[in-house]
Amino acid sequence: MSLEARAVARWVGISPRKMRLVVDMVRGSNVRSAVNKLHFSNKGSSGTVAKTIRSALANLMSSAEAAKLDPSEVYIKEIRVDEGPTLRRWRPRAMGRASRIRKRSSHLTVVVAAREKPGK
């Protein structure tokens, strides 16, 4: 059984489609390299994703079993973007009509785990 921890960011005001572009970039990678990639990314959701990854790492390191764990051995085991509630707004259009604006939100779940040693 490996050590793992998770962090969830809910009701983020970014559409899931835009956030999945950033999440796919760091899926399965080392936490340190993932945060470094996100720091230099120019996508708007990269800050939220990096913050959630750092929170999951802090949750892992706060456990008693992980006190002797090196943070460079931690990787992103699972990262998932789910669709949150959509706010529906109306925009006035020509000839007295209106069109719908959908303001989408998303829920981000990050699970980090320590890499298993080959001998164990």
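Read-outs: derived from the displayed coordinates by stated rules, not from any lab. This one's a predicted model, so the numbers in the text were calculated from it and none came from an experiment. Cβ coordinates were reconstructed from backbone atoms using ideal geometry, including for glycine residues, and neighbour counts include every protein chain displayed.
Cross-link list Lys43/Lys68; Lys18/Lys51; Lys18/Lys103: which exceed 24 angstrom alpha carbon to alpha carbon?
In this structure, Lys43/Lys68 lie more than 24 Å apart at Cα.
If you take every residue apart from Ala66 with its C-beta less than 13 Å away from the C-beta of Ala66, what net charge results, scoring Lys and Arg +1 and Asp and Glu -1?
That works out to -2.
Between Arg10 and Ser33, 0.36 nm times their residue separation minus their Cα-Cα distance comes to what?
5.9 nm
Mean separation of Cα pairs under 8 Å and 6+ residues apart, divided by the residue count of the chain: what relative contact order is that in percent?
For the chain, the relative contact order is 41 percent.
Near the amide H of Lys77, under 5 Å away, which other amide H atoms are found, from residues 5 or more places off or on another chain, if H is placed in the peptide plane?
Here the answer is Val111, Val112, Ala113, since their amide H atoms fall under 5 Å of that of Lys77.
Could you tell me which of Ser106, Ala50, Tyr75 has its Cα farthest along the dipole of the chain towards the positive end, charges placed at Cβ (Lys, Arg +1; Asp, Glu -1), taken about the Cα centre?
Towards the positive end, the residue furthest out is Ser106.
Arranged from highest to lowest average of other beta-carbon atoms within 10 Å per residue, in what order do the peptides 17-27, 63-73, 87-97 appear?
Result, highest mean first: 17-27, 63-73, 87-97.
Work out, step by step, the length gained on full extension between Ala98 and Lys18: first 0.36 nm times the residue separation, then minus their alpha carbon distance; give nm to one decimal.
26.2 nm
So how tilted is helix 16-26 from the main axis of the chain? Cα-based, degrees 0 to 90, rounded to 10.
Helix 16-26 sits at roughly 20 degrees to that axis.
Magnitude of the Cβ-charge dipole of segment 4-114, K/R +1 and D/E -1, about the Cα centre, nearest 20 debye?
1180
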